[in-house]
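J.: Pasting a structure here, questions to come.
Nothing in this text is a laboratory measurement; each read-out follows from the coordinates by a stated rule. Everything numeric here is computed off the predicted structure, so don't read it as measured data. When we count neighbours, we look across all protein chains shown, and the Cβ atoms used for this are built from the backbone with ideal geometry, even at glycine.
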Amino acid sequence: MIEVRSLTGGYGNKEIIRNVTFSVKQGEMYGILGPNGSGKTTLLKMMTGLLPYQRGSISIAGKELSQYSAKELAQTTAVLPQMSMQSFSYSVKEIVSLGRYSHQQGMFKSWSPNDEEIVQEVMELTGIKNYENVFIEQLSGGERQRVFLAQALAQQPKLLLLDEPTNHLDLAFQKSMLDTLKTWTIERGLTVLSIFHDLNLASLYCDTLLLLADGSVQKVEQPSKVLSERNITTVYQTKVQKIMHPHVAKPQIVLLPNVAEASSQPHFSLDLVERNDEKVVIQTSKPVKVMSTAIEGEAVGWFTAFFLSLKNDRVQSSEMLTRLIQKEGLIVEDTIAMMTPRSCHHISSSFYDEGKISFMMVVSLTKGIEKGSISVDHIMIFFNGYLSEATFLQAFMAVTEAKAAINCGKEESQSSNYSSPSITVAATQMGERLRDAGPHSPIGKRIKSSIDESIKEAKENK
């Protein structure tokens with residue numbers, strides 16, 4: 001749909017864009033990224049014909065940009081700049097209707113039923129239908145942005161060029177606008193090329209991303225290839241981490257605050273707020289990152305409290321467990337909650353210092369079905385250190401393997417759908433990085449021995 005070849009240019013004798021080459025296919029949603037001053041807006045101005053370029057070429061639909069008349073270009077391409085300025089007092093509908101000008105024929109322009117239908121449709125799609133008789137100067141910045149997007153869509157372009165279109169829009173309208181544009185690329189073959197300030201929005205909606213730095217192309221690829229930690233850190237000169245979106249296969253970039261971290265942390269300590277025959281409540285002074293299979297609480301997140309109900313006859317529903325958490329004065333959203341599938345036989349807690357990494361384990365044990373047997377139900381392990389996603393999984397594997405070795409061959413009964421054995425791994429995410437927590441690592445072996453010691457202690461105390 002659009003091809004840019006060896007494009008070089010800028011303002012006066014100063015080159016802003018240097019040897020930029022890329023192409024955008026019809027029906028594609030294409031994003032241009034880059035820090036302030038990288039040349040994004042300059043590049044867009046060249047593609048709209050507003051700014052001459054020194055060398056290279058731009059073609060739209062197989063035709064060189066310079067060969068288009070103003071009216072022909074308006075019938076093919078629509079442009080939405082960062083913020084459109086309006087000098088005259090027009091109503092919303094009048095401004096949107098200007099988008100139909102290039103399609104009208106003859107010396108005396110006439111307004112057709114088709115023009116009216118298109119204007120009404122785009123006002124509805126952009127959420128401004130209720131403002132059609134309101135004057136533009138009475139609208140907020142976000143509302144004005146939607147008006148000018150509607151004007152661009154009213155042109156029924158084949159190519160839509162946008163400069164940070166979600167500026168001034170709240171979260172709901174950002175999503176609504178991009179959902180609409182993405183739908184039009186799929187259903188109507190509209191080609192969208194947009195500058196994005198928000199890397200994560202660009203990742204979610206774009207098929208291809210172009211990363212600019214100092215006027216030159218650094219990377220052109222699908223979002224998963226462009227949005228790497230190395231690329232973004234290098235181009236934006238800031239520390240970031242790449243994570244995957246929880247619901248779609250698209251990367252997301254999160255900023256890492258420049259908070260000074262101590263090279264070594266004091267021994268990890270937990271406040272065992274209360275421990276009796278009915279419950280165990282553990283609280284941390286600061287949130288810890290958690291991966292858990294507990295029945296209450298997100299599978300992965302940051303939490304400050306851990307609640308274990310030891311009397312399963314007290315809990316008959318998730319709502320009842322929630323009430324018990326609240327009774328303890330805990331915030332439900334900040335709490336990992338568990339309950340034993342049978343009456344708890346023994347709670348064991350132990351602390352280990354493995355050089356620069358320390359951790360605490362809490363293990364709940366119950367009487368097995370077989371006479372004299374003991375089963376491991378809940379295991380919580382709290383690391384004073386930094387765990388990557390892979391290390392969290394390794395620790396999970398180490399706990400799972402150790403637990404399975406002890407419980408192997410033993411029947412497990414559950415008296416409630418809300419009682420289920422669980423594993424919880426938590427970490428402060430500060431201090432030393434734990435490189436390996438797998439079953440055969442020193443940490444993994446220590447986890448196994450700790451569970452063995454808990455079993456031995458339970459048998460001695462029965």
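J.: Within a 10 angstrom radius of the beta carbon, how do 184, 111 rank from fewest other beta carbons to most?
T.: Result, fewest neighbours first: 111, 184.
J.: Over the Cα atoms of the stretch 36-190, what Rg and Dmax result, in angstrom?
T.: 15.9, 47
J.: Next up: Net charge near residue 175: determine it from the other residues with C-beta under 12 Å of the C-beta of residue 175, scoring Lys and Arg +1 and Asp and Glu -1.
T.: -2
J.: Testing the spin-label approximation: label points 7 Å from Cα along Cα→Cβ at residue 112 and residue 222. State their distance in nm.
T.: 4.1
J.: Something else now. So for the pair residue 333, residue 89, with labels modelled 7 Å out along Cα→Cβ, what separation do we get in nm?
T.: Those two pseudo-labels are separated by 4.5 nm.
J.: If you build the convex hull over the alpha carbons only and average its shadow over all orientations, what do you get for the chain? Give it in nm² to one decimal.
T.: Computed as one quarter of the Cα hull surface, the answer is 29.5 nm².
J.: Note down the magnitude of the dipole of the stretch 118-160 about its Cα centre, charges +1 on Lys and Arg C-beta and -1 on Asp and Glu C-beta and zero elsewhere, to the nearest 20 debye.
T.: About 160 debye.
J.: Would you calculate a helix-derived [θ] at 222 nm for the chain, using -39,500 (n - 2.57) for each DSSP H run of n ≥ 4 and dividing by the full residue count, to the nearest 500? Walk me through the numbers before you get to the answer.
T.: Numbers: 12 runs with 134 residues, N = 462.
Here the helix-only value at 222 nm equals -9000 deg cm²/dmol.
J.: Where both partners of a DSSP beta bridge lie in the chain, what percent of those bridges are antiparallel, to the nearest 5?
T.: Roughly 70 percent of the beta bridges in the chain run antiparallel, per DSSP.
J.: Relative to the longest principal Cα axis of the chain, at what angle does helix 318-327 sit, 0 to 90 degrees, rounded to 10?
T.: Once rounded, one gets 80 degrees.
J.: Would you mind computing Rg(Cα) / (2.2 N^0.38 Å) for the stretch 142-264, counting N as its residues?
T.: 1.20
J.: When 236, 30 are ordered from fewest to most other Cβ atoms inside 10 Å of their Cβ, what list results? Could you put the intermediate results ahead of the total?
T.: Details: 236 19, 30 22.
The order, fewest Cβ neighbours first, is 236, 30.
J.: Moving on. Return the loop-located GluC sites (Glu not before Pro) in the stretch 1-104 (DSSP other than H, G, I, E, B) with at most 10 other Cβ atoms within 10 Å of their own Cβ; answer none if there are none.
T.: Nothing satisfies the criteria.
J.: Calculate the radius of gyration of the Cα atoms of the stretch 277-335 to one decimal place, then report Dmax, the largest Cα-Cα distance, as a whole number, both in Å.
T.: 11.2, 32
J.: Next up: Give me a comma-separated list of calculated 3J(HN,Hα) values for the stretch 53-63, in order, Karplus coefficients 6.51, -1.76, 1.60 applied at θ = phi - 60°, integers in Hz, x for any Gly or Pro.
T.: Each residue's phi maps through the Karplus curve to give 10, 7, 9, x, 8, 10, 10, 10, 6, x, 10 Hz.
J.: Next up: Of the options 96, 217, 155, report the single residue whose Cα projects farthest towards the positive end of the charge dipole of the stretch 2-255 (beta-carbon charges: Lys, Arg +1; Asp, Glu -1).
T.: Working it through, the farthest residue towards the positive pole turns out to be 217.
J.: Taking the alpha-carbon centroid of each part, what is the distance from the stretch 131-155 to the stretch 50-70 in angstrom?
T.: Each part's Cα centre sits 29 Å from the other's.
J.: Let me ask you something else. Could you work out the relative contact order of the chain? I mean the mean sequence separation of Cα pairs under 8 Å and 6+ apart, divided by the number of residues, in percent.
T.: Computed over the chain, the figure is 12 percent.
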